[in-house]
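The values are calculated or read from the model by the stated rules, or taken from the named source; none is laboratory data. Quick caveat, the model's predicted, so the values are computed rather than measured. FYI the Cβ positions are ideal-geometry reconstructions off the backbone, even for glycines, and counts take in every protein chain you see. Ligands, DNA and RNA are stripped out before the accessible areas are found, and what is left, the full protein with its side chains, is counted by its heavy atoms. Shrake-Rupley method; radii C 1.70, N 1.55, O 1.52, S 1.80 Å.
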Amino acid sequence: MDKNKKELSKAWESQKFEGLIYKKWEESGYFNPDNLDLPEDAPSYSIVLPPPNITDKLHLGHSSMLAIEDLLIRFHRMKGFRTLWIPGTDHAAIATQNAVERKILKEEGKTRHDLGREKFLEKVWEFLRETQATILMQTRRMGASLDWSREAFTFDDERKGAVRKMFVEMYDAGAIYRGERMVNWCPRCHSTLADDEVDHEEKKAKLYWIKYGPFVLATSRPETKLGDTAVAVHPDDERYKDMVGKEYDIPGVLGTFKIKVVADKVVDPSFGSGAIKVTPAHSFVDNEIAMRHGLPMKQIINEDGRMMENCGKYAGMTTAEAREAIVADMEKMGLIDHIDEDYVHNTSQCYRCGSVIEPIPSKQWFVDVDKKLDRLNGKSLKEKAIEVAKSKEITFIPDRFTKRYFHWMENLHDWCISRQIWFGHEIPVWYKDSEIIVSETAPEGEGWIQDADTLDTWFSSGMWTFSTLGWPDNTDDLKKFHPTQVLETGYDILTLWVSRMIIMSLFALQEVPFKNVYLHGLVLDKHGKKMSKSKGNGINPVEMIDKYGTDAVRLSLLVGNTPGNDLRISEEKIEGLKKFVNKIWNISRFVFQKINSKETEYQEITGYTISDVWILEKFKNLIDEVTDDIENYNFSQAGEKLRVFTWDDFADWYLEISKIEKNQQKQEILKNILADSLKLWHPYVPFVTEELWKEVDDTSLLIVEKWPKKEKYEKILQGIHPKKREYSLLLIQKIIVSIRNARAQYNIQPTQKIDVTIFAGEKFEFLNQNENIIKNLRTNIGNISISEKGAELKNAYYENIEDVEIYIALEGVVDFKKEQERMTKEISQKESFVNALNKKLSNEKFVENAPKEIIQQEKEKLELAKAQIEKISSFLQKIK
RNA sequence: GGGUGAUUAGCUCAGUUGGUUAGAGCGCUUGCUCGACACGCAAGAGGUCAGUGGUUCAAAUCCUCUAUCACCCACCA
């Protein structure tokens, strides 16, 4: 230990140190597993950072993700794993395009079409570089120990190559095809959306009951009548039985048209009139009915969400305008039966821009999830994806999400991967007349035109675990680090992202992308509301870091955060944890002071004391429990245990005792426990612990120190005579608390000394040895007398702790009426306890069935309580 | 309609295979510069573990039903 070191400041100054420490870590190279000093066969531990969208700066949800993952990474690095955490960002195709469109629209009042594809993409890159820089800065400030040398972007050149390769391979294997299908169409984004990119929201609307030839039927979308080709009824519906199979003339706003009546089980006879109009081109359900019954399809709404040429005078109107016009015309023709005003139904909206989704038929690229693939031994992607979860090759934490995963997978339809937006991975397909070439590179020769569409953003992010490790090349990284150990992400993208990653990895490598999926919840404000810009209830992570320090912010996101559950957070919580970080600082400051002093007075007592044994025992167990909890993803619980140990046991008891008890062993114990505590704390609060580590060893960095082992403490404890372990410090603690309590109850000035007499029975020797602690640990006792037994004292405050009798001389101060009440209450409490125990122990079934230890425990409790009652009663008699 | 989760102190939440008289943080009350820390120390008040019925020697913990809240999936035209 360097004796010339400057004294530590009075409080932890996060702003002063955090930047320097992070720089030192980065320069050390330890974020990169290649620089770790490890044996050749060290096991790998890898995590890919879920790449944040470059649409916006990071919010507290990202911070929580970074805190959890960095905790796992730092823990495993210290545990001796070849630990890799890969950083990156996501180009977020459609989301980014929307963000830029909104920005341009706001600033320049233009649309992307005014700019053209090339100019627009320039704008996107400009925007992207800005947000990307902010995101990377924010990530560093969280203390994330990511290997920046392996940083990736879902839209950089390497990833572009991987995506093209993937597409071609999947196409060649028959896992990708092009086909005409019903798709979710966002007229604003001008693009298809996958099923789970569509949000559903309940809205009030009108329900129109229209006269429809021989039927009256209810619809919320009368404008689609122009595309109707049938009426469907339930096969068992008696009302319409005779009409099934027949054709009818239906009067409409554009003249009379013919429809066929079909019977289909999807029709709910109890809704409306039990008959529905079928619009095969603009409704998923209707489309399915049409397929089953071979009905013709008539498209009437185009990709702009407007009525098509075939809609006569309504052509060019938006669907909303057309609805109004058509209803007005139908009213005139007497075709409206009546209108329900308050009909509540679910509407479909684009998850990015909120526009109403139009189902339309369109020619698109799809991933075939049901195609049996040779590379998967004749299984489909879907089957294989289900199988790996069933076989527990992939496990979900918490487990309940496994069910959700299965449910989603089992109902998975082919995945539409083409998008009609400009910003995204280009589809590696070229057309010339009727010819088509699918290839990683553009074909030779003239006249080939590349597919104008781009790929769904989840296609490239689905490849993230292996595209970041060098795939398609069979790199060392890929061999060492794939599959990754854990995917840590929000439960809200379980289907959108996690399941896509599983599918993509199974196809590309025939292996899972990760072994465990840890799902965290949402970060909510203190009222349990989702944080959002519009509500103004968001908490800016960088602002909090500036104010309270990164360690406090990290703790606020780890404490009280349990897998799969949402987390409420407030500035007050962060502030409170800042105080705790400061407590760690000051505890360490005190310990360093103590172990750096060379006071010889520490030689007073030789050998370990009860407090030494107690703290060593506690710490030994703590190492095990914390390690166990972290390995089982119980981060909050491990943190809680660390806090209780550090603050309550170590600081409030052991350090206080160390001010009184002087023995040789103290310095060594303090030094060891503090140093190892810093290690245990490091994954939670890396900055303050790293700074303090300098005082322990300024030649090494804590980030690569070895994780503590309990064996070290076991060994010390084994060398201690068992007699030292006979009674616990707990008894002394209880006695001390009761004396302090008596002082508080009677408002004894802190400076005023009191006299105490203790009758300890068989614990006489034990308490006598520890007299000094009882006398001085904020009890301020003048004279203390400890003996086996003696005559009851009068005019004293009386307390019975585990059958140890304590008399505090408080002549003239004690209020005996109050004391009588206190003791009477205590006796009656103990009596009801004794009654309950008696009842339990006299129950034959209990004695027969309960484990022996439990019975023994209960008996001991009973004996103790009885003895206490007797002694308290006896004292009570005396003062009456 | 199907599913999941939550319900424990005024507030936020722990409580992992059922077994001390149910815990913590914040807040609250009272008193304190005691060899680091007022970003602190000490003492204390506060709970029929949502309700109901059951299983068990024993239930906050397992099962039934109910209520309230939140979310997910599907979808009604």
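Could you please state, rounded to a whole Å, how far the C-alpha centre of the stretch A:611-669 is from the C-alpha centre of the stretch A:527-543?
Value for the Cα centre distance between the two parts: 37 Å.
Sort A:848-855, A:780-787 by packing, meaning the average of other beta carbons within 10 Å per residue, with the highest value first.
Averaged packing, sorted descending, gives the order A:780-787, A:848-855.
Let me check against my output: what whole-number percent is the relative contact order of the stretch A:755-840, with C-alpha pairs under 8 Å and at least 6 apart?
In percent, rounded to a whole number, it is 30.
Over chain A, what relative contact order in percent results from Cα pairs under 8 Å that are six or more residues apart?
That works out to 12 percent.
For the stretch A:283-324, what's the radius of gyration and Dmax over Cα atoms, in angstrom?
So, for the stretch A:283-324, Rg and Dmax equal 12.1, 32 Å respectively.
Based on the mean of other beta carbon atoms within 10 Å per residue, what is the order of A:451-459, A:808-816, most packed first?
Output ranking for A:451-459, A:808-816: A:451-459, A:808-816.
Cα-based Rg (one decimal) and Dmax (whole number) for the stretch A:721-766, in Å?
Calculated on Cα positions, Rg and Dmax stand at 13.6, 42 Å.
Over the alpha-carbon set of the stretch A:207-295, work out the extent along each principal axis and list the three values in angstrom, largest first.
Principal axes ranked by extent give 32, 25, 24 Å for the Cα atoms.
Tell me, what is the percent relative contact order of the stretch A:82-199, built from C-alpha pairs under 8 Å that lie six or more residues apart?
Result for the stretch A:82-199 is 33 percent.
Kindly write out, for the stretch A:369-379 in residue order, the coupling ³J(HN,Hα) from the Karplus curve 6.51 cos²θ - 1.76 cosθ + 1.60 (θ = phi - 60°), rounded to whole Hz, with x marking Gly and Pro.
7, 9, 5, 6, 10, 4, 5, 10, 6, x, 9
When ligands, DNA and RNA are left out and all protein chains stay put, how many square angstrom of accessible area per residue does the stretch A:746-846 have with a 1.4 Å probe?
57
Could you tell me what fraction of 2.2 N^0.38 Å the Cα radius of gyration of the stretch A:327-423 comes to, as a two-decimal ratio?
Rg over 2.2 N^0.38 Å, computed on Cα atoms: 1.73.
Could you give P(r) for chain A, binned at 20 Å from zero, as whole percent values over all Cα-Cα pairs?
Computed distribution, short to long bins: 12, 32, 28, 18, 9, 1.
Assuming R0 = 25 Å, what is the FRET efficiency of A:C353 and A:M137, from their Cβ-Cβ distance, to the nearest 0.05?
0.30
State in Å² the accessible area per residue of the stretch A:266-394; use a 1.4 Å probe, count heavy atoms of protein chains only, and round to the nearest integer.
Accessible area per residue: 49 Å².
Over the alpha-carbon set of the stretch A:627-730, work out the extent along each principal axis and list the three values in angstrom, largest first.
Per principal axis, max minus min of the Cα coordinates gives 39, 33, 26 Å.
Of the heavy-atom accessible surface of the stretch A:226-339 (probe 1.4 angstrom), what whole percent is carbon and sulfur?
52
How big is the Rg/Rh ratio for the stretch A:445-573, C-alpha atoms only, Rh by Kirkwood, two decimals?
Checking Rg against Rh, the ratio lands at 1.11.
Quick one: Karplus J couplings for the stretch A:191-203, per residue in order, coefficients 6.51, -1.76, 1.60, θ = phi - 60°, nearest Hz, x for Gly and Pro?
Per-residue couplings from phi come out as 8, 6, 9, 6, 3, 8, 9, 9, 8, 10, 9, 6, 9 Hz.
Add +1 for every Lys or Arg and -1 for every Asp or Glu among the other residues with Cβ under 13 Å from the Cβ of A:R178, and state the total.
It works out to a net charge of -3.
Put one equal scatterer on each alpha carbon of the stretch A:128-261, apply the Debye formula with no solvent term, and list log10 I(q)/I(0) at q = 0.10, 0.14, 0.15, 0.21 1/Å to two decimals.
Reported log10 I(q)/I(0), two decimals: -0.70, -0.95, -1.02, -1.29.
Spin-label point model (7 Å from Cα, Cβ direction): what's the A:Q15 to A:D114 distance in nm?
In this crude spin-label approximation the distance works out to 4.3 nm.
Report the paramagnetic label zone for A:K106: residues of the stretch A:514-539 whose backbone N is under 13 Å from a point 7 Å from Cα along the Cα-to-Cβ axis.
A:533-534
List, in order, the whole-Hz ³J(HN,Hα) value for each residue of the stretch A:420-437 obtained from phi through the Karplus relation with A = 6.51, B = -1.76, C = 1.60 and θ = phi - 60°; use x for Gly and Pro.
Karplus values, whole Hz, x for Gly and Pro: 9, 10, 8, 8, x, 5, 6, 7, x, 9, 10, 10, 8, 6, 9, 7, 9, 10.
At a 1.4 Å probe, what is the % contribution of carbon and sulfur to the accessible area of the stretch A:718-782?
Whole-percent figure for carbon plus sulfur exposure: 48.
Carbon-plus-sulfur fraction of the accessible area of the stretch A:30-86, 1.4 Å probe, in percent?
The computed percentage sits at 43.
Taking a quarter of the surface of the Cα convex hull of the stretch A:104-143, what do you get in nm²?
3.2
Evaluate the charge dipole of the stretch A:542-668 about its Cα centre and quote only its size in Debye, nearest 20, assuming +1 on the Cβ of each Lys and Arg and -1 on the Cβ of each Asp and Glu.
380
When the convex hull of the Cα atoms of the stretch A:28-152 is projected onto a plane and the area is averaged over all directions, what value comes out in nm²?
That works out to 8.9 nm².
Non-local amide H neighbours of A:F257 (under 5 Å, H modeled in plane, Pro and chain starts lacking H): which ones?
When sequence neighbours closer than 5 places are left aside, the close amide H contacts are A:I250, A:G252.
Within the P(r) computed for the stretch A:563-671, what percentage of the Cα pairs occupies the region above 19 Å?
Cα-Cα pairs in the stretch A:563-671 separated by more than 19 Å: 55 percent.
By per-residue mean of other Cβ atoms within 10 Å, what is the highest-first order of A:725-732, A:832-839?
Packing proxy ranking, top to bottom: A:725-732, A:832-839.
Please report the spacing between the Cα centers of the stretch A:250-322 and the stretch A:103-142 in Å, no decimals.
After rounding, the separation between the Cα centres reads 41 Å.
Using only the alpha carbon atoms of the stretch A:749-849, find the Kirkwood hydrodynamic radius as the inverse mean reciprocal pair distance, in angstroms to one decimal.
15.9
Give, in nm to one decimal, the length gained when the segment between A:K23 and A:K579 is fully stretched (0.36 nm per residue of separation minus the Cα-Cα distance).
Here the answer is 197.7 nm.
How much of the pair distance distribution for the stretch A:382-538 lies past 22 Å, counting alpha-carbon pairs only, in percent?
It works out to 55 percent of all Cα pairs.
Where the centroid of each part is defined by its Cα atoms, how far is the stretch A:447-492 from the stretch A:751-780 in Å?
Between the Cα centre of the stretch A:447-492 and that of the stretch A:751-780, the gap is 68 Å.
Nearest 5 percent is fine: what portion of the DSSP beta bridges confined to chain A is antiparallel?
70
Calculated from DSSP H runs of 4 or more alone, at -39500 (n - 2.57) each and per residue, what is the 222 nm mean residue ellipticity of chain A, nearest 500?
-13000 deg cm²/dmol, from helical runs alone.
Residues with amide H under 5 Å of A:N184's amide H, sequence separation 5 or more or different chain, H placed in the peptide plane at 1.01 Å from N; which?
A:L193
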